[in-house]
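What follows is a single structure, written as structure tokens, with notes after it.
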Amino acid sequence: MLMTSVVEWFGELGQFTWKMLRTLLLPPFEFREFLRQLDAIGPKSVPLVMLAGGATGVVMSMQTRDSLVHLGAKGMLPAIIFYSMVKETGPIITALVVSGRVGAGIGAELGSMRVTEQIDAIEASAVNPYKYLAATRVAACILMLPLLTLVADASGFLMGWVADFIAEPISLRLFLDHATRNASLGDFLPPTFKTAVFGLIIGLIASFQGMRAHGGTEGVGRAATQSVVLCSLFVILADVILVRLIVLFFPS
Amino acid sequence: MKEKNGNGKNGDAIEVTGLKKSFGPQTVFKGIDLHVDTGESVAVLGPSGTGKSVLLKLLIGLQQPDAGSIRIGGKEIVGLGTDAMNEVRKGIGFLFQQAALYDSLTVDENVAFPLRRHLHLAEDEVRERVHKLLESVGMADHGHKLPSEISGGMQKRVGLARALALDPSILLFDEPTSGLDPITAREIDDLIVETQKQRHVSSLVVTHDVAGAHVFADWGVLLHEGEVAAEGTMKDLDRSSDPYVAEFLKRG
């Protein structure tokens, strides 16, 4: 029973993706709606992403510092914070925070549009809702996730420095210097761009769950909840595969 | 009861034959026939839950019937692909039960939505047309407002303006007066009559509002348990000796 519904879900998701992809090739591109989504997903997520990244940086700095002092390797702290933030913590924290905020937002918005017949109204006006609603949101998520990840990375690193500075004053320049001494773009680019895949997952699943909502306000609530849960879950699962691929194709 | 003329000299705007539709075990239509002549206004009456809304969704291709034929302006639409169906949809205006205005767009933008997508007009001309459309439904002063800022009756008016945007030859109304107070309902009924007179459209109105049907309908069709229980001019239906018809018209 569970197995059939899982298979059905993937089947429907596949159909949904196909319907959406087909529309991308046909003009006109819904530029206005795309801009509106960029704004809703990007700039409006910045405070949350900064806060989440910053808090993680502080915690990491405090806990790692303690362990490093025991091991007598305190000098490695900046590099540890840098690599940890850029390679994994920044991307995954950003993706999870956006899964919550944007996943719920898209799921609820499209869900309520479905149950109030607004999506039917779009179709009745001979406009393709997969293009107008889904493709714009998915594209905006893909574009915004890497940028938001940079914000989380920077905020985490900076707050990591602040926490370290409070324990033992060190200039930001020196801290940055220690952190990036052996770093290259190869350390930085693959983990940042992998978040475009997280964006794809979040945009796609949230739009899919929203557009298949049914059953009044309860259905909208269900769409929003399932959207957040599935976005977070698939982001984490995809991360396992993506990290494996990055290690394979971009060895340090 | 007299037979409808049918096949008027302008032909049928809508011609439905042997339409069957079920959802799982629930049969909505057991094979109904329905005609709307060009320029005619037909009311489809019936209590809630008789699938009246489903009928409209079948007519605009949002759902597919299990069997039967639907011809719009002489063209068979059952089994039509999305692109071909969209061409048919451009000639049909649809007023949804709760108006289904896009709640992220202003009143102006709602009415401009079909115009911007299907007619390649200069921005000035779009604005002018939107103004005229809103004027025709008495909403010209409310263009800058969001749907949530206007009343249910006003939303219906805007919904009608949007449905008229592409100058359709057929109008479909889903319960145009449900959820409105009697005075506002009467205003909407009058607006429907006025629209029909001015634009010479063919319309199909799904409703359980018998008083309204007397105002705007040339022909009434009463549905009961998935079949056409009775049809005729509203006067004919009033005089019907069939107990179900008499009961429904008296109650309504």
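Looking at B:K30, B:K21, B:K9, can you tell me which residue is at pLDDT below 90 and among the charged types (D, E, K, R)? Break it down stepwise before answering.
Values: B:K30 fails: at pLDDT below 90; B:K21 fails: at pLDDT below 90.
Only one candidate passes the filter, namely B:K9.
I'd like the residue in segment B:172-194 that is surrounded by fewer than 21 Cβ atoms within 10 Å (Cβ to Cβ) and of a type in the set (S, T, N, Q) and, out of all such residues, is farthest from the chain's Cα centre (by Cα).
B:T184
Which condition breaks for B:V206 when tested against (1) of a type in the set (A, V, I, L, M); (2) in a helix (DSSP H, G or I); (3) under 30 Å from B:R117 (Cβ atoms)?
Here B:V206 clears every test but (2).
Going by what's in this entry, would B:L160 be described as under 24 Å from B:R71 (Cα atoms) and either in contact with a Lys or Arg (Cβ under 9 Å, 6 or more places away or on another chain) or assigned to a helix (DSSP H, G or I) (or both)? Give the steps one after another, and end with the answer.
Details: under 24 Å from B:R71 (Cα atoms): yes; either in contact with a Lys or Arg (Cβ under 9 Å, 6 or more places away or on another chain) or assigned to a helix (DSSP H, G or I) (or both): yes.
Considered against the rule, which asks whether it is under 24 Å from B:R71 (Cα atoms) and either in contact with a Lys or Arg (Cβ under 9 Å, 6 or more places away or on another chain) or assigned to a helix (DSSP H, G or I) (or both), B:L160 comes out as yes.
Looking at segment B:87-105, which of its residues are of a type outside the set (A, V, I, L, M, F, W, C) and either touching a helix residue (DSSP H, G or I) at 6+ places or on another chain (Cβ under 8 Å) or modelled with pLDDT of 95 or more (or both)?
Initial filter on segment B:87-105 (of a type outside the set (A, V, I, L, M, F, W, C)): B:87, B:89-91, B:93, B:97-98, B:102-104.
Listed by number, the residues that qualify are B:R89, B:K90, B:G93, B:Q97, B:Q98, B:Y102, B:D103, B:S104.
Condition (residue is within 19 Å of the chain's Cα centre (by Cα), open to solvent by less than 60 Å² (accessible area, probe 1.4 Å) and within 14 Å of another protein chain (Cβ to nearest Cβ)) applied to segment B:28-49: is it met by at least one residue?
Checked against the condition, which is being within 19 Å of the chain's Cα centre (by Cα), open to solvent by less than 60 Å² (accessible area, probe 1.4 Å) and within 14 Å of another protein chain (Cβ to nearest Cβ), segment B:28-49 yields no hits at all.
Are there any helices (runs of 4 or more DSSP H) wholly within segment A:99-192 with 3 or more residues that are of a type in the set (F, W, Y), and if so which? Before you say what the answer is, go through the steps one by one.
Working: elements: A:104-115, A:118-124, A:136-167, A:172-180.
Result: A:136-167.
Take the residues in segment B:56-67 that are within 14 Å of another protein chain (Cβ to nearest Cβ) and not in a loop (DSSP other than H, G, I, E, B); name whichever of them is most open to solvent (accessible area, probe 1.4 Å). Walk me through it before giving the result.
Step one: list which residues in segment B:56-67 are within 14 Å of another protein chain (Cβ to nearest Cβ), which gives B:56-64.
Among the residues that remain, those that are also not in a loop (DSSP other than H, G, I, E, B) are: B:56-59.
Values: B:L56: 0, B:K57: 30, B:L58: 2, B:L59: 2 Å².
This residue is B:K57.
As an exercise: evaluate A:A95 against (1) of a type in the set (G, A, S); (2) in contact with a Phe, Trp or Tyr (Cβ under 8 Å, 6 or more places away or on another chain); (3) within 14 Å of chain B (Cβ to nearest Cβ) and give the number of the one condition it does not meet.
Going through the list (1) of a type in the set (G, A, S); (2) in contact with a Phe, Trp or Tyr (Cβ under 8 Å, 6 or more places away or on another chain); (3) within 14 Å of chain B (Cβ to nearest Cβ), A:A95 breaks only (3).
Can you confirm whether A:E109 is within 14 Å of chain B (Cβ to nearest Cβ) and open to solvent by 50 Å² or more (accessible area, probe 1.4 Å)? Can you show your working first?
Numbers: within 14 Å of chain B (Cβ to nearest Cβ): yes; open to solvent by 50 Å² or more (accessible area, probe 1.4 Å): yes.
Yes; evaluated as a whole, the condition is true for this residue.
Among the residues of segment B:113-131, write down those that are more than 8 Å from every other protein chain (Cβ to nearest Cβ) and in contact (Cβ under 8 Å) with a residue 40 or more places away in the chain.
Within segment B:113-131, B:L115, B:L119 qualify.
Collect the residues in segment B:68-98 that are more than 7 Å from chain A (Cβ to nearest Cβ), free of Cβ contacts under 8 Å to residues at least 40 places away in the same chain and buried (at least 17 other Cβ atoms within 10 Å of the Cβ), keeping them in residue-number order.
B:I77, B:L80, B:M85, B:V88
Can you tell me which residue in segment B:213-236 is surrounded by the fewest Cβ atoms within 10 Å (Cβ to Cβ), limited to those that are part of a helix (DSSP H, G or I) and touching a residue at least 40 places away in the same chain (Cβ under 8 Å)?
Keep residues of segment B:213-236 that are part of a helix (DSSP H, G or I), which gives B:213-216, B:234-236.
Add one more test, that the residue is touching a residue at least 40 places away in the same chain (Cβ under 8 Å), and what stays is B:213, B:216, B:234, B:236.
Working: B:A213: 26, B:F216: 25, B:M234: 19, B:D236: 15.
Ranking the candidates gives B:D236 first.
From the list B:L101, B:L133, which residue is buried (at least 22 other Cβ atoms within 10 Å of the Cβ) and touching a Pro at 6+ places or on another chain (Cβ under 6 Å)? Give the derivation first.
Numbers: B:L133 fails: touching a Pro at 6+ places or on another chain (Cβ under 6 Å).
The unique qualifying residue is B:L101.
Here's the yes/no breakdown for (1) open to solvent by less than 80 Å² (accessible area, probe 1.4 Å); (2) touching a residue at least 24 places away in the same chain (Cβ under 8 Å):
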site	(1), (2)
A:V6	yes, no
A:T17	yes, yes
A:E30	yes, yes
A:L35	no, no
A:A40	yes, yes
A:P43	yes, no
A:L77	yes, yes
A:G90	yes, yes
A:G100	yes, yes
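Out of all the residues in segment B:150-157, is one or more open to solvent by 50 Å² or more (accessible area, probe 1.4 Å) and either among the small types (G, A, S) or outside any helix (DSSP H, G or I) (or both)?
Checking segment B:150-157: at least one residue is open to solvent by 50 Å² or more (accessible area, probe 1.4 Å) and either among the small types (G, A, S) or outside any helix (DSSP H, G or I) (or both).
Looking at B:S169, B:S203, which one is within 26 Å of B:R129 (Cα to Cα) and either open to solvent by 30 Å² or more (accessible area, probe 1.4 Å) or modelled with pLDDT under 90 (or both)?
Values: B:S203 fails: either open to solvent by 30 Å² or more (accessible area, probe 1.4 Å) or modelled with pLDDT under 90 (or both).
It is B:S169.
The values are calculated or read from the model by the stated rules, or taken from the named source; none is laboratory data. Note that this is a predicted model, so its numbers are computed, not measured. Cβ sites come from the backbone with ideal geometry, for glycine too, and all protein chains shown count toward neighbours. Please note that ligands, DNA and RNA were not included when accessible areas were found on the heavy atoms of the full protein model with its side chains. Shrake-Rupley method; radii C 1.70, N 1.55, O 1.52, S 1.80 Å.
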